[in-house]
Amino acid sequence: MNYDFREIEAKWQKYWAENETFKTSNDSEKPKFYALSMFPYPSGAGLHVGHPLGYIATDIYSRYKRHKGFNVLHPMGYDSFGLPAEQYAIQTGQHPAITTENNINRYREQLDQLGFSFDWSREVRTSNPQYYKWTQWIFIQLFNAWYNKKSDKAESIDSLISIFEKEGNSNVEAACDDDTPSFDAAIWNGYSDKEKQEILLKYRLTYLADTEVNWCPALGTVLANDEIVNGVSERGGHPVIRKKMTQWSMRITAYAQRLLDGLDKIDWPQPLKDSQTNWIGRSVGASVTFNVLDAERSRSDQDGISGDDVTSSAVEKPYEDVISTPLNHPYQIEVFTTRPDTIFGVSFMTLAPEHELVAKITTPEQKAEVDAYVEATAKRSERDRMADVKTISGVFTGAYAEHPFTKEPIPIWIGDYVLASYGTGAVMAVPCGDQRDYDFAKHYNIPIPNIFEGVDISEEAFADKETTVIANSDFLNGLPYKKAMKKIIAELERIGHGKGKVNYRLRDAVFSRQRYWGEPFPVYYVDGMPQMIDVEHLPLELPEVEKYLPTETGEPPLGNATEWAWDTKNNKVVSNDLVTLSAVEGSDKGDEMLNQVQHDGIYPLELNTMPGWAGSSQYFNRYMDPRNDDAIFSPEAINYWQDVDLYIGGSEHATGHLLYSRFWQKFMFDMGYVPKDEFAKKLINQGMITGTSAFVYRWTKKYNGNAVFISKGIIEKAVKEKGFLYDYSSVLDKMFSDLKSKDGGRKIAETSWKHFDAIHADVSLVNASDELDVEAFKKWQPEYKDAEFILEDGKYIVGREIEKMSKSKYNVVNPDAICEEYGADSLRLYEMFLGPLEQSKPWNTAGITGVHSFLKKLWKLYAPYTNWSLSEAEAEPTAENLKTLHKTIKKVEEDIENFSFNTSVSTFMICVNELTAQKCTSKAILEPLAILVSPYAPHIAEELWSRLGHSESIAEAPFPTFEEKYLVESSKEYPISFNGKMRFKLELPLDMGKDEIEAAVLAHEKTKEQLQGREPKKVIVVPGKIVNIVG
RNA sequence: GCCUUGGUGGCGGAAUUGGUAGACGCGCUGGAUUCAAAAUCCAGUGUCUUCGGACGUGUGGGUUCGAUUCCCACCCAAGGUACCA
């Protein structure tokens, strides 16, 4: 009987489902192994062949680990909140839950036909209330926690309150807002309840803050950076403004250092670690405060400090800095620098154009120029400003700062190379030590003082810390970098102008989204202060709304809900109308009056929803105990499974999902909920599968009103030979003649590619030889049904190009059609065979015939057991058989451990070719071979296994053990090289010594032939490897 | 600009620690089988060649008996990006 993959695959998929073959228990004597693929967002387009790549790899590893005796957790679920379903809802009115459900069903169908060993009983969906109940739960835990820098971990907010009650916050070292005031116990205890809540919000790990967002009034929504092009919205081209909005934030910055340190403990790809490291952006240096000289004095000179014209009330002073600010300076500029040792080289300062001081310090003379520059900068995106290194631009503000040591005036400029979002948005510019400052100074003729000993800075800045010796710097003269750093920081602290500081680029993560299809916050507001809903009343389910757009007043979509108020007496969602606002209607007193409102215990609920990453930041732990309604997971479950052993997914999640997940895991660890502070031991990024687009070439001329397509080879030849098109085809020659009368003559111009439009043809219309199915193409594009096709050798050959898979390029390949034609096992093998897992590689369906015929050969090899017409042929394995088998075991095992799945497929092919040639029918060979193949091609392996006489699934059959003894050789075919080039081969016994080998080789006639009488200068003999003769 | 990854036949790719470059597969060529096609099987397939051999892993150097592999400089492509002070 033939290899009937359709029947076999359907049979075993059914078997696995019915027998729950891959259902995993939370207690087992076996060692655990947790293999995880990043769960997908179920989009409407379904899976294309790129998606399953990582899933197949994880599945192979999971199945392998089962054969190796592990209790394997291999779950799958859906990241099912997201924008596309919401967009679809806005357009059609269909509830996102329905769209999502449909998409999930389609995904499930597609996944099922690929034969994955998922434990589907553990499926999670982030949009399912039973799931997001626990997302809300974590949010509440974060709200009720603060970060204690002394213990370097998160702690319950209650511990903070008791400290405040006893001693205020002067001894507290916490991650908190910049504007947190200091208070003692008496002040704290005197605060009203609302004031206390306000203070506590500044400490909580999730907190409310005014954050700038890109607000698009026309769309009534907030836009992401990449939704804005040239200052207007990508969709519709509406203006976008920066607007402050009160939003939830996550205090991830508290964990910056631990997120950095943790990278050393985990086996993740270095590029991914690098991008997290860069994202966190730790730099060590100092913060330095420069006083801004008032206009009067900076113009006249800088004689001492005497001013009494400025009152202290005008001082804008950051609360946390213990800098003794001279009261007579109205403004300070705080900068962060990694090179405080170069402070005597400062010759100007640069502020980001957005810096809040710009408007305050600019002199009237410079105002027009500065305003114009600020306005011009506002139109440029941050991306744009970053990418453009060549253009140097900036404007002098007219103001001067005072050097903290020399008291010299320093001109203050603004420049768009300084970004407001990094550090303090201000730079102390040291042109001799920083190339950007250097270029800026050169461009604007600002002096470049040299403060380095023995260094020429006439051409470029000098930034090598290691060889730095400071000069022209008062008390720093003669010091190397490290010593100078120490000294200058001490001095800055002594004079109250700065301190050593570690700066992180990482910013707190905004956690509010003005969307409908996301997790609702378990939050209601009493007098404007957020209150958490008690955990026992979760989940707080998404309300129904009439439409999914923002409200007319600009509130998020949940503002459309009529039932969206929290009844604190009955603990349930009730109608908004029940929120009683006595006596405030029409009041112009605002907040003050609101405080006096009588609510009857019914309060408005939060209108924002959580962002996409909320649901994915702990899902890996939820899989351990997904149906638990009393806890996110039981202690037993988390203690058994601990963490993810292998996590496979795309590198695009490097600084999103993978950073936030690590943050939440560390928080969960601090609170004692999880035993590991890193959730995934090993991570692998699978590469992207690109498409191989096909192009047809349409001549820019028409013939009888129809398009003319010319085969690629004809054009190529004509272009290469600089010839005329009509010389390369008799049909074209005739066309040119016909066109002559109408056209007034042949255009005598050499053929060039610009005479043709390359048009995407659907890749399914092209075969492995790049030949287009012309008739099918005409049907596919009816506008070309009468088009002419100029063929070469009777074929139309298309052009090929590697591009990203996309609908518009007609190069998307769907797994369904491939499964139908070749089967899931072929698809699985082929996806792996394409190349290394981590690399991106092009898809070309044509090549699948290779692995498919391998499976047919494999099936044939088992003919004594599959073809009942033959009598069962049980034979003792030959030495050759065993050698083939064991070298395969060795290689496949190594490959799986190294995630080198592509080479395993080759190894299987070689193995089957060899065993076929050996006419092997031995069960002792074919049984272990079935197990070896089973992780890769599980359906055929199960079928062969059962035909070999087993009644149990192959899934847990022990992996064959490699035995060296079958590979021992007695002789080796030595490659004999001359000057490193292999010239001939010589078979010699492996136990032959170095000298004997040398003698044997030198005596060989081919050696003499090669040497042509020359005397060998040297003979290198590496026994068992190679012989190399130099001469 | 910076960071990361990569560059080997017509194509995807292989090559364990520096030791036979191009495994395996696709495609191509020729043959067998067939009324024919599909499928299958066999042989060949890096380039050049005076048929002896010579050259050949992005380019140019270097280390070595020997380099796809190690070092230096550069070029190109893809992805990322926050001019990080």
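The values are calculated or read from the model by the stated rules, or taken from the named source; none is laboratory data. Just so we're clear, the structure is a prediction, and the values are computed from it rather than from any experiment. We place every Cβ from the backbone using ideal geometry, glycine too, and count neighbours over all the protein chains shown. To get the accessible areas, we keep the full protein, side chains included, count just its heavy atoms, and leave off ligands, DNA and RNA. Shrake-Rupley method; radii C 1.70, N 1.55, O 1.52, S 1.80 Å.
A few notes on this one:
- Filter result (within 15 Å of RNA strand B (Cβ to nearest atom) and open to solvent by less than 20 Å² (accessible area, probe 1.4 Å)) within the range A:390-403: A:Gly394, A:Val395, A:Ala401
- Qualifying positions in the range A:173-210 - without any contact (Cβ under 8 Å) to a residue 24 or more places away in the chain, in a loop (DSSP other than H, G, I, E, B) and open to solvent by 20 Å² or more (accessible area, probe 1.4 Å): A:Asp184, A:Tyr191, A:Ser192
- Residue count, the range A:902-927 (criterion: farther than 21 Å from A:Ala57 by Cα, outside any loop (DSSP other than H, G, I, E, B) and open to solvent by less than 10 Å² (accessible area, probe 1.4 Å)): 5
- Residue match in the range A:695-703 (condition: within 16 Å of RNA strand B (Cβ to nearest atom) and within 30 Å of A:Gln839 (Cα to Cα)): yes
- Residue count, the range A:704-738 (criterion: in a loop (DSSP other than H, G, I, E, B) and either buried (at least 18 other Cβ atoms within 10 Å of the Cβ) or of a type in the set (Asp, Glu) (or both)): 3
- Extreme residue, modelled with the highest pLDDT, among residues of the range A:953-984 that are open to solvent by 100 Å² or more (accessible area, probe 1.4 Å) and of a type in the set (Lys, Arg): A:Lys965
- Residue count for the range A:430-448, restricted to those that are surrounded by fewer than 23 Cβ atoms within 10 Å (Cβ to Cβ) and in a loop (DSSP other than H, G, I, E, B): 6.
- On the stretch given as the range A:260-280, residues that are surrounded by 15 or more Cβ atoms within 10 Å (Cβ to Cβ) and near RNA strand B (Cβ under 9 Å from one of its atoms) total 6.
- Among the conditions (1) under 23 Å from the mean Cα position of the chain (by Cα); (2) under 29 Å from A:Pro129 (Cβ atoms), A:Pro626 misses just one, which is (1).
- Total residues in the range A:1003-1021, condition within 12 Å of RNA strand B (Cβ to nearest atom) and open to solvent by less than 60 Å² (accessible area, probe 1.4 Å): 4
- Test: A:Ala35 is open to solvent by less than 40 Å² (accessible area, probe 1.4 Å), part of a helix (DSSP H, G or I) and out of contact with any Asp or Glu (no Cβ under 6 Å at 6 or more places or on another chain): no
- For the range A:954-998, a residue qualifies if it is basic (Lys, Arg) and near RNA strand B (Cβ under 8 Å from one of its atoms), and the qualifying residues are A:Lys972, A:Lys981, A:Arg983, A:Lys985.
- From the options A:Ala17, A:Ala45, residue that is part of a helix (DSSP H, G or I) and surrounded by fewer than 24 Cβ atoms within 10 Å (Cβ to Cβ): A:Ala17
- Some residue of the range A:314-329 being modelled with pLDDT of 70 or more, more than 16 Å from RNA strand B (Cβ to nearest atom) and of a type in the set (Val, Ile, Thr): no
- Counted residues, the range A:815-859 - those being outside any helix (DSSP H, G or I) and either touching a Cys at 6+ places or on another chain (Cβ under 6 Å) or among the aromatic types (Phe, Trp, Tyr) (or both): 1
- When the criteria are applied in full, A:Ala937 fails the requirement of being outside the structural domain of A:His67 (by TED's automatic domain parsing), away from RNA strand B (no atom under 16 Å from the Cβ) and either modelled with pLDDT under 95 or within 34 Å of the chain's Cα centre (by Cα) (or both).
- Candidates in the range A:483-501 are the residues that are within 16 Å of RNA strand B (Cβ to nearest atom) and over 20 Å from A:Ile333 (Cβ atoms); of these, the one that is most open to solvent (accessible area, probe 1.4 Å) is A:Met485.
- Count - residues of the range A:336-358 that are open to solvent by less than 10 Å² (accessible area, probe 1.4 Å) and assigned to a strand (DSSP E or B): 4
- Consider the range A:703-743 and keep the residues that are more than 47 Å from the chain's Cα centre (by Cα) and of a type in the set (Gly, Ala, Ser). The one that is modelled with the highest pLDDT is A:Gly705.
- Pairing each residue of the range A:845-867 that is closer than 18 Å to A:Cys911 by Cβ and open to solvent by 30 Å² or more (accessible area, probe 1.4 Å) with any residue that is more than 8 Å from RNA strand B (Cβ to nearest atom) and outside any helix (DSSP H, G or I), provided the two are 6+ apart or on different chains, yields C-beta distances under 6 Å for A:Lys856/A:Tyr3.
- The one condition from (1) open to solvent by 40 Å² or more (accessible area, probe 1.4 Å); (2) among the hydroxyl-bearing types (Ser, Thr, Tyr); (3) at pLDDT 85 or above that A:Thr311 does not meet is (3).
- Filter result for A:Ala471 (free of Cβ contacts under 8 Å to residues at least 60 places away in the same chain, surrounded by 15 or more Cβ atoms within 10 Å (Cβ to Cβ) and within 13 Å of RNA strand B (Cβ to nearest atom)): no
- Listed here are the strands (runs of 3 or more DSSP E) enclosed by the range A:510-580 that have at least 1 residues being open to solvent by 30 Å² or more (accessible area, probe 1.4 Å): A:523-526, A:529-532, A:572-574.
- In the range A:909-931, the residues that are in the same structural domain as A:Lys860 (by TED's automatic domain parsing) form Cβ pairs under 6 Å with partners that are more than 16 Å from RNA strand B (Cβ to nearest atom) and aromatic (Phe, Trp, Tyr), at six or more places apart or across chains, as follows: A:Ala930/A:Trp945.
- Residue in the range A:359-387 that is modelled with the highest pLDDT, counting only those that are within 14 Å of RNA strand B (Cβ to nearest atom) and open to solvent by less than 50 Å² (accessible area, probe 1.4 Å): A:Tyr373
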